[in-house]
Amino acid sequence: LHYVIYIDVLFVVNFIMDYVVLSITTTILYHITTLAELPGSRNVCIKYIKRIAGSVMGAIWATIVIWKGLGHWGYTLVSYITIGPMMLAIVTGRMRLGEFIKSIGVMYGVTFILSGTLYAVYNFTLVGYFVHNMVHNSVFTPKLWILPVGIVICNVLVKWLVVFISERGSKKGLLCTAIIENNHKKIKLTAFYDTGNSLKDPIYGEWVHIVLSSSVKGLNVGQNSSYHLIPYSSIGNENGLIPV
């Protein structure tokens, strides 16, 4: 009994799986770390190029391991300790050490969950039964169009799922009602408790709450109202001033 392994198919399969893992991981990190604030994170082309580069690296290593018969536990350990973090570093770029360690944990958590899900689908569902029959009856022939189509579909589904869960889970408990009063006039707004907002008034030492000017038009804010300017920094504007 022997197996015939096609290197090109092995590379493509590993590339797709690595790309899916990196896509899920970076989408999660975008919501739980400062990944969204890093240079190039909002550039769609750069984001996809980094994911492809990281996936190519992982696929090349997996192909070499199988091709050269490097199935020893030592090479597996090397993969988890060095190759995995290097793939993630290509995608995320520079990060603080603590956040990078957290990111590695997220990536391996995603890998574990995805592996278990695929195992369950393949062995205990009709979809897995259908795929099993195609493969073992030699009906299935790999096509080049599977790669781009699979990447697009997975990326769309993963992005929608992660954003949906994060918005429902994290923001639900952070919404509250804010009542703003000025010159005996009051308005009621729905506020979001933003734990990432570290803007503080350097004069009075109070935390600053950000409100859209259109939301407080009824209070005549700015007309005969005293205010002062405080410095703030944001992406693209490191030395800004905002009225308080």
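The table below lists the values:
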{"item": "Considering residues of segment 225-244 that are open to solvent by 100 Å² or more (accessible area, probe 1.4 Å) and of a type in the set (A, V, I, L, M) only, the residue nearest to Val211 (Cα to Cα)", "result": "Leu241"}
{"item": "When residues of segment 73-110 are limited to those that are more than 23 Å from the chain's Cα centre (by Cα) and among the hydrophobic types (A, V, I, L, M, F, W, C), the one modelled with the highest pLDDT", "result": "Leu77"}
{"item": "Which listed residue, of Leu29, Leu70, is surrounded by 13 or more Cβ atoms within 10 Å (Cβ to Cβ), part of a helix (DSSP H, G or I) and modelled with pLDDT under 90", "result": "Leu29"}
{"item": "Segment 73-99 - residue that is among the aliphatic types (A, V, I, L, M) and open to solvent by less than 30 Å² (accessible area, probe 1.4 Å) and, of those, nearest to Val4 (Cα to Cα)", "result": "Ile83"}
{"item": "Segment 38-55, residues that are open to solvent by 70 Å² or more (accessible area, probe 1.4 Å) and either modelled with pLDDT under 80 or within 15 Å of Asp18 (Cα to Cα) (or both)", "result": "Pro39, Arg42, Val44, Tyr48, Ile49, Ile52"}
{"item": "Hits in segment 199-221 (condition: surrounded by 11 or more Cβ atoms within 10 Å (Cβ to Cβ), in a loop (DSSP other than H, G, I, E, B) and among the β-branched types (Val, Ile, Thr))", "result": "Val208, Ile210, Val211, Val221"}
{"item": "Test: residue in segment 97-114 that is of a type in the set (Lys, Arg), out of contact with any Pro (no Cβ under 9 Å at 6 or more places or on another chain) and in contact (Cβ under 8 Å) with a residue 60 or more places away in the chain", "result": "yes"}
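The values are calculated or read from the model by the stated rules, or taken from the named source; none is laboratory data. Everything quoted here is computed from the prediction, not taken from an experiment. Neighbour counts are summed over all protein chains in view; Cβ atoms, including those assigned to glycine, are modelled from backbone coordinates with ideal geometry. For accessibility, only protein heavy atoms count, side chains too; no ligands or nucleic acids. Shrake-Rupley method; radii C 1.70, N 1.55, O 1.52, S 1.80 Å.
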